[in-house]
Each structure stands twice: as C-alpha cells, then as structure tokens.
Amino acid sequence: MKPLRECAEQLGRALVIVLLVPAVAPAQVISLKTVPIASADQFLIFPSRNLGMGGVSIALDDPLLDPFVNPAKGSMIQGAQLFATPSFYNVSGDGGAGRALPAGVLLSSRGWFGGALLSLQQIEMARQLVQPIFFRPQGAELLSEKSSNNIYAFGMLGTRLPGMNASLGGSVFWAGLDAVQGVDLLYAGSQSIDQSGHMLDLRIGLYGKLGEERAYELLVLHNRLDMTHDVTYVEWVFPDPVPPDTLGPIEPVLDTRVETNLDRTNTWGLHLSYVQALSAPGWQIGGIFTGNWKTHPKIPNYEIMNIPRDPGDSFGLNFGLGVSRSLDETTFGIDLIFEPIWADTWAEAAEPDTSVSGRVIPAGARTVENDFSFTNALIRTGVGYRLDIIGFQLGLQVRSIDYDLEQIDHIQESKRRQNESWIEWTPTWGVSLTFSEIELRYQGRVTTGTGQPGTAWTPVGTERLLAADAAGLTDFIVAPSGPLTLQDANVGAHQFSVSIPIQ
C-alpha cells in the first residue's frame, strides 16, 4: 500500500466519489454531475407518453409514467391494461450498452387502484483500454466479464379518499443489481470485478383536485443503495519470507488477492406540485418544488485513491415552472427548472500524519475537503400532433451545469478554487399508433455535449480512466485537478411500448 502522504496527494489531484443513486423517476431524484460524463439510460424501464416531447411533465400529465412517479396518481388509470416496454441504450466509443424487457399491469376499480411491473435487463460492460489477462487463451472473454443481468420489480397500491376528491398511494421499487454500468472501470489494473447488491425505493404520495381546474400532489420518498464489489487483482510479488534454501536472485511470483468494497447511499426526498387551468382554452400552468438530502456512509476504496474515507453528504433543491397547451390534435409543453445544489466531501486520515508545516493530523481527522456549489438549470420543451390514429412527437431537453469547487488540502496546507460549466443537449422524438384494442408507441433520444472527460493537468494516457470512473452512473462527484477536457461521446436510447386494454 502506498504511504498515506502519497495517497493524500493523489487524492488531492483527482478525488473521485461515485454516488450510486439511480434516478428512478425524473425531477423527484436530483442528480449530481461535476464532469460531463456520458451516462447511460440503465433505468429507462418505465413507460412514458411524453418522452418524445423532451419529457415535459410539470403542467402536462403523462398517464403512462405518472403512476410510477407518484403512486397516488394511479387514480388516473382507466380500467385495466397490460403493457410491455422494451428499451435499449448504447454509449458510443465502447462505453457500454444495455437492453431490457419490462412488462406489467395497471388496474383500477371504483375505490382502489394498483399496478405491478417486472423487468429483466442485460448490460454489456464498457471496454477497458487495458484488460490484464493471465492464464487465459488469447482472445477468450469470460461470459461474466462480457455482460451481466439485472432484475427490477415494482408494486403500487392506492385508494381514492371518499368525499375529498383525492387519492393516496404507496409504491415499492426493488432492483437486484449484478451490474451498474461503468463500475467495471472503477478499479484500474484489476483482473475482474464481481458486483452484487440491490436498490430499494419507497414512495408515499397524495394527489387531489380543487374543483375541475386545479390539482396538487405531495410525494415523500426514501431510496437506499447497497452494493458490494469483490475486486480480483493478479500481481507480481516477491515471496515473503524468502525460502531458506533459495540460491541466486529472488524471482517474483504471481499472487491473487480479492478486495471487498462496500457502497452505500441513502436519499430522502420531498416533492410538491400545483397545476391549474388558465382562462385561454386548453392552457395550463404549474409549479414544482423538490428537495433531496443524500448521505453517503460508505464509498468503495477505488484504485485511484486508496484511503479509507467518509464521503460526506449533499443537499439539492429543484424549483420549476411549466406551461402546456392541449387543444384539438396539438399538444405543446415547456418546463423551466432551476437547481441549486450543495455538496461536501472529504477524506479522513487512516493513521496520524504530519502536514508540511509539521502540524500533526490525528487519525480520523480530515485530510482533504471539497465544497461544491451548483447553479444548474434545465429546459424541456416538446410538441405533439395527432392525425387520426397516428401521433408524432418532437422535443428537446437542454441541461446547463455550473458549479464552483473549493478544495482544502490539510496535508499540503493549500487551498484552490475552480469553476466548471457545460451544456448537455438531448433531442427527442416519437411516433404512436392507437387502435381500439391496442396502442403502439416508439420514442427515442440522444444526448450530446457529454463524453469521456479528463483534465488539462492529467498525465497523458489517463484521461479515459478518469472518465470511466462514472460512466453509466446517474450521480457522481469528481473534484477535478484542473480545467476539464472532453472526448465526445453520445448516448442513444430507444423505447418501444405496447399497451392492451383488458376488457
């Protein structure tokens, strides 16, 4: 193991903290990004009617997605229906790919409503630049290293509250995860990484109407991620102790070791929204407020910074205003969202150490501190047009990320500030066919402005490693050592939907 001082210096140059809190539903779980990583759409498993319109949601209902976001909105379900939503995604530049087949049912009666979903998913790992292979035929690739399987399950139950024109619902979402996209590249020089764990998302929601033209909703959620990474390393080492009968130079031997890392993230969230009709026919206006508090009690000891640490916590807010128009065959919507986020991360000394001036830093004290302040913004807009049984959608989502970083290194007794900003562009499209007994829908999107980032001070040949540390993950905080560089990569996603009413 490297000396603590050397590790702390390395940590100060590139502190990588990956926060594995997948965004189960838009807006209610606020994502964190400090580098323009090309994240994949691993959790794009729920059906949606507005995905092709840029995902507009504040002042425009989405009868397919809304019950999965707020279970109380399951009261909007009409009758019963079966559905399947095959989805596919791909990250350019060998960044990984995945495919899933979710299927489920939504049910509604006079007083109760509910639903369930089950999905199987196959994930292809991102290709590493260097894949150490020992004792393996040339060109052979283990099946477990090529792809992994995940399973997702969702259940919802709610009731209409008598005399209140409101509904109350609860939902449980569970994911059995054998792989999270990009984690296979978190451990440089490893022989293999065996991932295992689960994610649990609990929600309780309230949805009601005030007359015919006003509606409100309240949602409380709790999300927990629990993952284990068993990382295998194969290394050349010198025997210790040396055999007593050894003659001549001591030759190194291959040694295999397995390192177990735990990953824990907990999220509490609150979401409020209000929508009302305007005097002009077909127009609605709405607003949202969302708050997330995240704690990260355990982050793995990645190869890039091998120091035990308490990663910290984060707090994010989400203020949004939306307008929509639904009249005749045309639907239009736009969302404007502002996201201030604050995050604190740090490293702790595993044993007493001394700063450059001779000050003693006791074990458990902070050696490096990172304070992030975000002022993010998001615009979603889209239009839909229906011509008899055929519907078309076009949309655009633009996300601006801007943050300030203040980093304090207590060992080097130094302080620095850095500002980074970029814009991610996501055009969307969709087409649908609606018949009396079946609805067919296709929606797609591609995200540009992201990729595989490095820094201007990163040694040549390591940019890909830094970028891969968060590929495919929704939340992550990286304290870059210098101005960011970017090798472009695009993320494409496609979702098909088949819905059949149950007579």
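The values are calculated or read from the model by the stated rules, or taken from the named source; none is laboratory data. The structure presented is a predicted model; accordingly, all values stated were derived computationally and were not measured. Because the Cβ atoms are built from the backbone with ideal geometry, glycine has one as well, and the counts that use them run over all protein chains shown.
Return yes when ARG380 is out of contact with any strand residue (DSSP E or B) (no Cβ under 6 Å at 6 or more places or on another chain), under 17 Å from SER324 (Cα atoms) and part of a strand (DSSP E or B) and no when it is not. Before the answer, list the steps.
Numbers: out of contact with any strand residue (DSSP E or B) (no Cβ under 6 Å at 6 or more places or on another chain): no; under 17 Å from SER324 (Cα atoms): yes; part of a strand (DSSP E or B): yes.
For ARG380, the condition - out of contact with any strand residue (DSSP E or B) (no Cβ under 6 Å at 6 or more places or on another chain), under 17 Å from SER324 (Cα atoms) and part of a strand (DSSP E or B) - is not met.
Scan segment 1-20 and give yes if some residue there is of a type in the set (A, V, I, L, M, F, W, C), modelled with pLDDT under 90, assigned to a loop (DSSP other than H, G, I, E, B) and within 18 Å of the chain's Cα centre (by Cα), otherwise no.
Restricting attention to segment 1-20, the residues satisfying the condition of being of a type in the set (A, V, I, L, M, F, W, C) are 1, 4, 7-8, 11, 14-20.
The next check asks that each one be modelled with pLDDT under 90; those that pass are 1, 4, 7-8, 11, 14-20.
Retained after the next criterion (residues that are assigned to a loop (DSSP other than H, G, I, E, B)): 1, 14, 20.
Restricting the remaining residues to those that are within 18 Å of the chain's Cα centre (by Cα) gives 20.
Checked segment 1-20: at least one residue is of a type in the set (A, V, I, L, M, F, W, C), modelled with pLDDT under 90, assigned to a loop (DSSP other than H, G, I, E, B) and within 18 Å of the chain's Cα centre (by Cα).
So which of GLY391, GLY364, GLY358 is in contact with a strand residue (DSSP E or B) (Cβ under 6 Å, 6 or more places away or on another chain), part of a loop (DSSP other than H, G, I, E, B) and farther than 26 Å from GLY449 by Cα? Give the steps one after another, and end with the answer.
Numbers: GLY391 fails: part of a loop (DSSP other than H, G, I, E, B); GLY358 fails: in contact with a strand residue (DSSP E or B) (Cβ under 6 Å, 6 or more places away or on another chain).
Answer to the check: GLY364.
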Inset, instruction - Could you check, for segment 388-397, whether at least one of its residues is out of contact with any Gly (no Cβ under 8 Å at 6 or more places or on another chain), buried (at least 16 other Cβ atoms within 10 Å of the Cβ) and not polar (S, T, N, Q)? - result: no
Legend entry - Evaluation of MET164 against (1) outside any strand (DSSP E or B); (2) at pLDDT 70 or above; (3) touching a Ser or Thr at 6+ places or on another chain (Cβ under 7 Å); (4) not basic (Lys, Arg) (one fails), failing number: (3)
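Tell me whether segment 466-479 contains one or more residues that are surrounded by 20 or more Cβ atoms within 10 Å (Cβ to Cβ), within 30 Å of ASN223 (Cβ to Cβ) and at pLDDT 90 or above. Explain how you work it out, then say what you get.
Applying the first criterion (surrounded by 20 or more Cβ atoms within 10 Å (Cβ to Cβ)) to segment 466-479 yields 466-479.
Applying the additional criterion that residues be within 30 Å of ASN223 (Cβ to Cβ) yields 466-479.
So of that shortlist, the ones also at pLDDT 90 or above come out as none.
No, the conditions are met nowhere in segment 466-479.
Are any residues in segment 65-94 closer than 14 Å to GLN443 by Cα and surrounded by 22 or more Cβ atoms within 10 Å (Cβ to Cβ), and if so, which ones?
Filtering segment 65-94 down to residues closer than 14 Å to GLN443 by Cα leaves 65, 84-89.
Within segment 65-94, THR85, SER87, TYR89 meet the criteria.
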Inset, instruction - Hey, can you tell me all the residues within segment 263-277 that are in contact (Cβ under 8 Å) with a residue 60 or more places away in the chain, surrounded by fewer than 17 Cβ atoms within 10 Å (Cβ to Cβ) and closer than 14 Å to LEU206 by Cα? - result: TYR274
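Residue by residue, here is whether (1) surrounded by fewer than 23 Cβ atoms within 10 Å (Cβ to Cβ); (2) at negative phi; (3) at pLDDT 95 or above holds:
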| residue | (1), (2), (3) |
| --- | --- |
| ARG127 | yes, yes, no |
| PRO132 | yes, yes, no |
| LEU142 | yes, yes, no |
| SER147 | yes, yes, no |
| GLY182 | no, no, no |
| HIS198 | yes, yes, no |
| LEU206 | yes, yes, yes |
| LEU210 | yes, yes, no |
Inset, instruction - Looking only at segment 47-62, decide whether some residue is at pLDDT below 95, surrounded by fewer than 24 Cβ atoms within 10 Å (Cβ to Cβ) and over 16 Å from the mean Cα position of the chain (by Cα). - result: yes
Legend entry - Matching entry among LEU225, LEU221, LEU202, LEU247 (being touching a Lys or Arg at 6+ places or on another chain (Cβ under 8 Å), aliphatic (A, V, I, L, M) and either modelled with pLDDT of 90 or more or part of a loop (DSSP other than H, G, I, E, B) (or both)): LEU221
Legend entry - Failed item in (1) within 33 Å of the chain's Cα centre (by Cα); (2) at negative phi, with ILE389 passing the rest: (1)
Inset, instruction - Residues being without any contact (Cβ under 8 Å) to a residue 40 or more places away in the chain and among the basic types (Lys, Arg): count how many of those fall in segment 373-399. - result: 1
Legend entry - Counted residues, segment 333-366 - those being in contact with a Lys or Arg (Cβ under 9 Å, 6 or more places away or on another chain) and β-branched (Val, Ile, Thr): 4
